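Below: the structure, in structure tokens.
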Amino acid sequence: MASAEQLEALINLEANLKDQYEKKLTAEKYKVEAHLETQTKLQAKIVEQAGEITKLKSGGGDLKRMEQENREMSSRVANIKNEFEAQRNKAKTAQKELIALKSEIKELKQLDAKKLKKNLVETKKKLEEQRTANGLLSASNKKHKQESFEHQNSIEKLEQELEELKPAETEETEETDVKVEAEIEAEAEETAKA
């Protein structure tokens, strides 16, 4: 009996221990389940964050690519500005050259070949007329000088004849005077006719 009592004591002890530990086990079981649930939630969160990190990494690549494109665009804009300034300077230079060419063309139009030829022909005609007039005046002047010289010679001859005839008679002097006057009148008539 003692063994039955011991067995019963063991059974009671086991039941007591079972009750005590069962509550603890149940509490631990709930704790474990809660931890498993939390762990599952955390793993889900980790997976979600890993996805976000992947997106951010790829987004970071996009960001780097966009920054690179932005730098390239800035460089292109600077190049375009430089080209624009160069073209602007070329346009200003071309504008100045155009103005110079226009003024040169205007000057050349004033020196038009047809007008110059017409002016040359007119100038040649005027020059020819002046030469002809000068020739006529020169010939007339030469003729008058010749006549003047001839008259001067005639006057000198007549004066010499007069000197030679002075000692002669007065009648002869009067006749000579008449002859001289007649010769002078004839010469004056010739001069007037010329």
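The values are calculated or read from the model by the stated rules, or taken from the named source; none is laboratory data. Please read all numbers here as calculations on a predicted model, not as lab measurements. Counting neighbours? That spans all protein chains shown, and the Cβs are built from the backbone with ideal geometry, glycine included. Ligands, DNA and RNA are excluded from the accessible area calculation, which covers all protein heavy atoms including side chains. Shrake-Rupley method; radii C 1.70, N 1.55, O 1.52, S 1.80 Å.
Of the labelled options (1) 16.9; (2) 33.6; (3) 17.8, which one gives Kirkwood radius over Cα pairs in Å as computed for this structure?
Entry (2).
So, for the chain, what is the accessible surface per residue at a probe of 1.4 Å, expressed in square angstrom?
93
Which of Lys145/Lys179; Lys142/Lys179; Lys55/Lys81; Lys106/Lys126; Lys117/Lys142 have a Cα-Cα distance over 31 Å?
Over 31 Å Cα-Cα: Lys55/Lys81; Lys117/Lys142.
Any idea how far apart Lys125 and Glu33 come out in nm if each label point goes 7 Å out from Cα toward Cβ?
It works out to 13.4 nm between the two label points.
For Glu163 and Phe84, calculate 0.36 nm times their separation in residues minus their Cα-Cα distance, and state this gained length in nm to one decimal.
Between Glu163 and Phe84, full extension yields 17.5 nm more.
Where the only charges are on Cβ atoms (+1 Lys, Arg; -1 Asp, Glu), what is the dipole of the chain about its Cα centre, to the nearest 20 debye?
Computed charge dipole of the chain: roughly 3880 debye.
Which one of Val180, Val121, Val77 has the biggest mean-square fluctuation once the chain is modelled by GNM with Cα springs under 10 Å?
Checking each option, the largest mean-square fluctuation is seen for Val180.
Got a number for carbon plus sulfur as a percent of the chain's accessible area, 1.4 Å probe?
Carbon and sulfur atoms account for 57 percent of the accessible area of the chain.
Which one of Asn79, Ile53, Asn119 is farthest out on the positive end of the charge dipole of the chain, using unit charges on Cβ (Lys, Arg +1; Asp, Glu -1) and the Cα centre as origin?
Positive-end residue among those listed: Ile53.
Put +1 on the Cβ of each Lys and Arg and -1 on the Cβ of each Asp and Glu in region 89-153; which of Ser148, Leu136, Ala94 then has its Cα farthest toward the positive end of the dipole?
Looking along the dipole axis, the top candidate is Ala94.
Using helices alone, what [θ] at 222 nm do you get for the chain, with -39,500 (n - 2.57) per DSSP H run of 4 or more residues, divided over all residues and rounded to the nearest 500?
One gets -36500 deg cm²/dmol as the mean residue ellipticity at 222 nm.
Give the distance, in whole Å, between the Cα centre of region 27-58 and the Cα centre of region 132-153.
The distance from the Cα centre of region 27-58 to that of region 132-153 comes to 141 Å.
What does the charge add up to near Gly135, with Lys and Arg as +1, Asp and Glu as -1, over the other residues with Cβ less than 14 Å from its Cβ?
It works out to a net charge of +1.
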